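Contents: one structure, followed by commentary.
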Amino acid sequence: MSAAEKDAVVGLYAAHQKVYPREVRGRFSRWRIASVIVLLGVFYLLPWIRFDGRQAVLFDLPARQFHIFGLTFLPQDFFFLTWLLVIAALSLFFFTALAGRLWCGYACPQTVWTEIFVWMERLVEGGHRQRMKLDEGPWTANKILRKSAKQLLWVSFALYTGFTFVGYFTPIEVLFAKIRSASLGGWETFWMLFYGFATYGNAGYMREQVCKYMCPYARFQGAMFDADTLIISYDAARGEPRGSRSRNTPAASRGLGDCIDCTLCVQACPTGIDIRNGLQLECIACAACIDACDGVMDRMGYPRGLIRYTTQTALEGGKTRILRTRVLVYGALLLALLIGFAVSIANRPLIEIDVLRDRNALFREVGADIENVYTLRLINKDAQAQTVHLAVRDLPGAILESERPAWSLDAGEVASATIRIRVPASAVSGGHDIAIVARTGDGSETVARTRFLAPVAP
Amino acid sequence: MSAITDLSAYRRARRGQAVGVVLWPAFLAAAAATMVFFAIFDPTKLGEDDSPPAWLADRMTGYAIGFFFFWIVAAVSSSLTACLLAPRVAAHRSGRPRGRRSSV
């Protein structure tokens, strides 16, 4: 084993020691708590909100329809989902270039759920020193009681999380009724347990290891960074040489910097690093070390910000540029995609047609006419009822016949229509591309293309 | 920071990480593949002549089977990558017998 490999081994192995982050209070922890409450609040409450007589946000997989506040999306609209994912990725780039790992510190589900699980742990087992002592100590009645209470909280919360998750796919009120009557379906039970277990494992046990070993974003976020990106950094020029001293001692008088080497920043770190060693891959920019250090600086009577949000440029005495090429390019692209997305959502056809050719016969000769039969699936994606008229286009002399002159479709309704398209035999030969048009009351049209087949004229 | 005192504990930890590193990217890939695949294909219309095998008749079953199928495929690929990546280097440098390559 080479020396480099030995180092790597030591690093990986040492990192596996359990981290007991010390609880801190401060500006940034308040921001994080606010973010946790808002994000989890949305996650847990959204499925209970109703809109237009149905669950406002429901990804109805069995029916292959997604409902989002009165908008209905079908598998054919997959394009929008892709677009949305591109927007999400670009937003991540944009915010990373601007403000570093904001996502990791405040919004990532891993952070958010871990925060709640740590909070529950703290509630039952106490602060970080008590937790350490409890873990090291023997299995006393007290330890068994506290550990079981924690597990009870964790498991219940994880199960409720799984229930909420499945509630996005099965109407949550139906799901709740099914649980009460113990008539839950097999897959519903399975996914509830699956998601619940994932939450329990990730937020209860894996925690920072997910960020360190499993998260792809943590590895490539560096590519979005530059010298003007907001990072959390220790001001070494101000802090060094570090050393302990009694309260209210002017640091300079003892030849020391402002860092009193209390190691609170290290104890507070949920990933177990020392921010004073510089920017590290493990840092999820949660700012717990800033809060810890600011508290110490206040007590020492030193100015805050020995550890602070800053940029490399600022640390080197330069002036941070916010508007720079990278940010402008990401921003412009993001804006263009967002506008395009909104416009195309607003203008998307609200009637969808699927055309299926009759499988039994390619064509039929009816008197002097050639007839093709199609089955249409008409889908109303609008939140209101629509009346649809059908017509055929791009085939001179063609007539469209169906069992009804017009189709009334309720919101979200899917109807099946059989249509016959008939053309004088003299007018066609071989295959033709035709268009079937569905026109709604307000004059908007949806066009579906298909083939019309006729015998080849001799 | 503690040095290595117990190599088997290190190996256990390393194996645990390897499981995470293999399964998690495979999970992400499978989630994406499932989304794309089932956006295009309806599981109940997968069989010949639009009549799927009985075990696929229910859409939720179809989605779930599809998801796990993709996950397994991606995990196999990830674990092969993991196999091919690290140990060969370690085996070369340490000159340990071939049979023990996979242990670290």
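The values are calculated or read from the model by the stated rules, or taken from the named source; none is laboratory data. For clarity, every value in this text was computed on a predicted model and none was experimentally measured. Cβ coordinates were reconstructed from backbone atoms using ideal geometry, including for glycine residues, and neighbour counts include every protein chain displayed. Surface areas here come from the heavy atoms of the whole protein model, side chains and all, with no ligands, DNA or RNA. Shrake-Rupley method; radii C 1.70, N 1.55, O 1.52, S 1.80 Å.
If I filter segment A:44-92 down to residues being under 15 Å from A:GLY167 (Cβ atoms) and within 14 Å of chain B (Cβ to nearest Cβ), which single residue comes out as surrounded by the fewest Cβ atoms within 10 Å (Cβ to Cβ)?
A:PRO62
If only one of A:PRO396, A:PRO349 is in a loop (DSSP other than H, G, I, E, B), at pLDDT 85 or above and open to solvent by 50 Å² or more (accessible area, probe 1.4 Å), which one is it? Explain how you work it out, then say what you get.
On the way: A:PRO349 fails: at pLDDT 85 or above.
On inspection, the qualifying residue turns out to be A:PRO396.
Taking the stated definitions as given, is A:PHE95 of a type outside the set (Gly, Ala, Ser), open to solvent by 40 Å² or more (accessible area, probe 1.4 Å) and more than 30 Å from A:PHE225 (Cβ to Cβ)?
It is false that A:PHE95 is of a type outside the set (Gly, Ala, Ser), open to solvent by 40 Å² or more (accessible area, probe 1.4 Å) and more than 30 Å from A:PHE225 (Cβ to Cβ).
Restricting attention to segment A:154-177, does a residue exist that is free of Cβ contacts under 8 Å to residues at least 40 places away in the same chain, among the acidic types (Asp, Glu) and more than 30 Å from A:ALA314 (Cβ to Cβ)?
No: segment A:154-177 contains no residue that is free of Cβ contacts under 8 Å to residues at least 40 places away in the same chain, among the acidic types (Asp, Glu) and more than 30 Å from A:ALA314 (Cβ to Cβ).
Test of understanding: among A:TYR168, A:TYR205, A:TYR200, which residue is of a type outside the set (A, V, I, L, M, F, W, C) and open to solvent by 50 Å² or more (accessible area, probe 1.4 Å)?
Every option except A:TYR205 fails the conditions.
When you scan segment A:102-121, do you find a residue that is open to solvent by 30 Å² or more (accessible area, probe 1.4 Å), out of contact with any helix residue (DSSP H, G or I) (no Cβ under 6 Å at 6 or more places or on another chain) and more than 30 Å from A:ALA332 (Cα to Cα), even just one?
Yes, because at least one residue in segment A:102-121 is open to solvent by 30 Å² or more (accessible area, probe 1.4 Å), out of contact with any helix residue (DSSP H, G or I) (no Cβ under 6 Å at 6 or more places or on another chain) and more than 30 Å from A:ALA332 (Cα to Cα).
Tell me which residues, restricted to segment A:361-384, are modelled with pLDDT of 85 or more and part of a loop (DSSP other than H, G, I, E, B).
Passing the criteria: A:PHE363, A:GLY367, A:ALA368.
Show me the helices (runs of 4 or more DSSP H) entirely contained within segment A:262-342 in which 3 or more residues are among the hydrophobic types (A, V, I, L, M, F, W, C).
Values: elements: A:264-268, A:288-300, A:312-315.
Where helices (runs of 4 or more DSSP H) fall fully within segment A:262-342 and carry at least 3 residues being among the hydrophobic types (A, V, I, L, M, F, W, C), they are A:264-268, A:288-300.
Can we say A:VAL355 is touching a Ser or Thr at 6+ places or on another chain (Cβ under 6 Å) and not in a helix (DSSP H, G or I)?
Against the criterion (touching a Ser or Thr at 6+ places or on another chain (Cβ under 6 Å) and not in a helix (DSSP H, G or I)), A:VAL355 qualifies.
Among the residues of segment A:192-221, count how many are within 11 Å of A:TRP113 (Cβ to Cβ) and of a type in the set (D, E, K, R).
Final tally of qualifying residues: 1.
One line per residue, one yes/no per condition, for (1) over 22 Å from A:PHE28 (Cα atoms); (2) open to solvent by 50 Å² or more (accessible area, probe 1.4 Å); (3) at pLDDT 90 or above; (4) not β-branched (Val, Ile, Thr):
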residue: A:MET214; (1), (2), (3), (4): yes, no, no, yes
residue: A:GLY222; (1), (2), (3), (4): yes, no, no, yes
residue: A:LEU230; (1), (2), (3), (4): no, yes, yes, yes
residue: A:TYR234; (1), (2), (3), (4): no, no, yes, yes
residue: A:SER246; (1), (2), (3), (4): yes, yes, no, yes
residue: A:SER253; (1), (2), (3), (4): yes, yes, no, yes
residue: A:ASP261; (1), (2), (3), (4): no, yes, yes, yes
residue: A:LEU264; (1), (2), (3), (4): no, no, yes, yes
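Looking only at segment B:8-42, count how many residues are more than 9 Å from every other protein chain (Cβ to nearest Cβ) and modelled with pLDDT under 85.
Matching residues across segment B:8-42 total 6.
Please go through (1) open to solvent by 70 Å² or more (accessible area, probe 1.4 Å); (2) at pLDDT 95 or above for A:LEU40 and return the number of the only condition it doesn't satisfy.
(1) is the only condition that A:LEU40 fails.
Give, as residue ranges, the helices (runs of 4 or more DSSP H) completely inside segment A:150-230 that count at least 2 residues that are within 12 Å of chain B (Cβ to nearest Cβ).
Values: elements: A:172-180, A:186-199, A:216-220.
Here the list reads A:186-199, A:216-220.
Find the residue count for segment A:130-149, including only residues that are of a type in the set (Ser, Thr, Tyr) and in a helix (DSSP H, G or I).
Matching residues across segment A:130-149 total 1.
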